[in-house]
Amino acid sequence: MGRETSKVFPQMHVTSIYGHLKLLLKATGLPTGRNCMFHKIRRTHATHLHIAGGDATASLGHGSDVITRGYYLDPRYIRGGHLADLMGSPWALLVGLCRRLKTAIGL
């Protein structure tokens, strides 16, 4: 095959990735503002990993837990709440998202 790369989408320009994400968010009725893009995905990943017992600091590539806790871990979930209780049924969320996406693309 071709040359090895560490990029997830090696042939996509960063503006193209943002454009695609924005279209998906808009199609599903989710917020599309600047603060709802990849940083929110990064925060969500860090929070879920931390709750599951993983090392969010290492996963994000931070040298200090202070940055991870201060800017990435969502305090609503870290302060003793159970993630499933706070977000509702993951199955129900997935079904709702699929319905919104199907409606948006006309299926």
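The values are calculated or read from the model by the stated rules, or taken from the named source; none is laboratory data. Owing to the predicted nature of the structure, the values given are computational and were not obtained by experimental measurement. All Cβ positions, even for glycine, are placed from backbone atoms using ideal geometry, and neighbour counts span all protein chains on display.
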Q) Name the pairs whose Cβ atoms lie under 7 Å apart, with the first residue in the stretch 66-88 and in a loop (DSSP other than H, G, I, E, B) and at pLDDT 50 or above, the second surrounded by 13 or more Cβ atoms within 10 Å (Cβ to Cβ) and not hydroxyl-bearing (Ser, Thr, Tyr), and 6 or more positions between them or separate chains? A) Leu73/Ala46; Leu73/His50; Leu73/Ala56; Asp74/Arg43
Q: Could you list, in sequence order, all residues of the stretch 18-47 that are at negative phi and either over 14 Å from the mean Cα position of the chain (by Cα) or part of a loop (DSSP other than H, G, I, E, B) (or both)?
A: Gly19, His20, Leu23, Lys26, Ala27, Thr28, Leu30, Pro31, Thr32, Gly33, Met37
